[in-house]
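What follows is a single structure, written as structure tokens, with notes after it.
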Amino acid sequence: MIDVGRVRLFHTVLGPVDATTLLLVHGWGGDGREWSPHAEVLAERFQVIVPDLRGHGRSEVPDAGNTPRAMADDLAALTESLGTGPVVAVGHSMGGQVVNLLAVHHPHTVRSLIALEPAHGAHGEEVADIPARLTEYRTRGARAAAAFVARAFSPQAPVGLRTAHVRAMLGTPDHVIAQAYAGMYTDPGAVGVRPHSETYLRRRTRPALTVWTSAEAAAWERTTLRVPGSRVDHWPGPGHYVHEEQPERTVRLIEEWATTTTGA
């Protein structure tokens, strides 16, 4: 645990301290354990920091303020406390929104970033469903979120992966579920819905790589790229938890991107 000034965060650090630092960030209702297979391999070449976001996993659970923006501020304070210098920040889903917010609001802490199936760019029917979903999360909390997450996997997902995420979601406090969802999509300043997503993505000053399983989402995000070296990849086939359904491919992507953007 480390006190970052607003909350105490659980985190682990693996790998050589003099190497390029990777920051691996989980998503909504998850925790850092989902990055364990990746971290073990990546730590052979990189220093790897894996936090549990506020309100999640083994980190402290505030009564209020469990939003992606606050989480990004926490991670900036974490990297500064650890003295890592700028990191390659990698995030999945809500964690993808968090690392983008980190790059926008704390650019001195980020060398480059990877967002996997990030929680931005919502449009159409997804946006229309947000008010009802938020009401359900405020009413039923983790139970409603677990039912939603259970549908997020492809038929090729490893055995046990769905159950692991359902259990992690059910273990997340109900108020955190609702606050984090509102922070992604409906709070003032939330960036999860187009065109708010476009505005904040165009504010990035660091190279960014985004992976989408949706061809439409990939094509849309390519229109927001402004920083040389940035790109959007399309990975058809896997479910939302792409990094866990295709861990080896994800590790290769992170290794290649970190090497390209840092010279490591």
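The values are calculated or read from the model by the stated rules, or taken from the named source; none is laboratory data. The model shown is predicted, which means the values in this text are computed figures rather than measured ones. Note: ideal-geometry Cβ built from the backbone for every residue, glycine included; neighbour counts use all protein chains shown. Quick note on the areas: whole protein, heavy atoms, side chains included, nothing else; ligands and nucleic acids left out. Shrake-Rupley method; radii C 1.70, N 1.55, O 1.52, S 1.80 Å.
A few points about this structure:
- Hits in segment 44-74 (condition: open to solvent by 10 Å² or more (accessible area, probe 1.4 Å) and among the acidic types (Asp, Glu)): 44, 60, 63, 73
- When segment 199-216 is filtered for residues that are open to solvent by 40 Å² or more (accessible area, probe 1.4 Å) and farther than 25 Å from residue 86 by Cβ, the ones remaining, listed by number, are 214, 215, 216.
- Evaluation of residue 204 against (1) within 13 Å of residue 96 (Cβ to Cβ); (2) among the basic types (Lys, Arg); (3) part of a helix (DSSP H, G or I) (one fails), failing number: (3)
- Those residues of segment 97-117 which are closer than 21 Å to residue 35 by Cα and either among the aliphatic types (A, V, I, L, M) or open to solvent by 10 Å² or more (accessible area, probe 1.4 Å) (or both), in sequence order: 98, 99, 101, 102, 103, 110, 111, 113, 114, 115, 116, 117
- Test set (1) surrounded by fewer than 16 Cβ atoms within 10 Å (Cβ to Cβ); (2) within 18 Å of residue 246 (Cα to Cα); (3) in contact with a helix residue (DSSP H, G or I) (Cβ under 8 Å, 6 or more places away or on another chain); (4) at pLDDT 95 or above - residue 153 fails condition number: (1)
- Pairing each residue of segment 141-158 that is in contact (Cβ under 8 Å) with a residue 24 or more places away in the chain and in a loop (DSSP other than H, G, I, E, B) with any residue that is among the β-branched types (Val, Ile, Thr) and open to solvent by less than 10 Å² (accessible area, probe 1.4 Å), provided the two are 6+ apart or on different chains, yields C-beta distances under 7 Å for 141/177.
- All of (1) closer than 25 Å to residue 109 by Cβ; (2) among the charged types (D, E, K, R); (3) over 17 Å from the mean Cα position of the chain (by Cα) hold for residue 216 with one exception: (1).
- Being closer than 23 Å to residue 41 by Cβ and touching a Pro at 6+ places or on another chain (Cβ under 7 Å) is a property that holds for residue 245.
- Sub-7 Å Cβ pairs linking a first residue in segment 234-263 that is touching a residue at least 24 places away in the same chain (Cβ under 8 Å) and more than 24 Å from residue 161 (Cα to Cα) to a second residue that is charged (D, E, K, R) and crowded, with 17+ Cβ neighbours inside 10 Å, at least 6 apart or interchain, are 261/111; 262/111, ordered by first then second residue.
- Tally, over segment 71-119, of residues that are part of a loop (DSSP other than H, G, I, E, B), more than 19 Å from residue 55 (Cα to Cα) and polar (S, T, N, Q): 1
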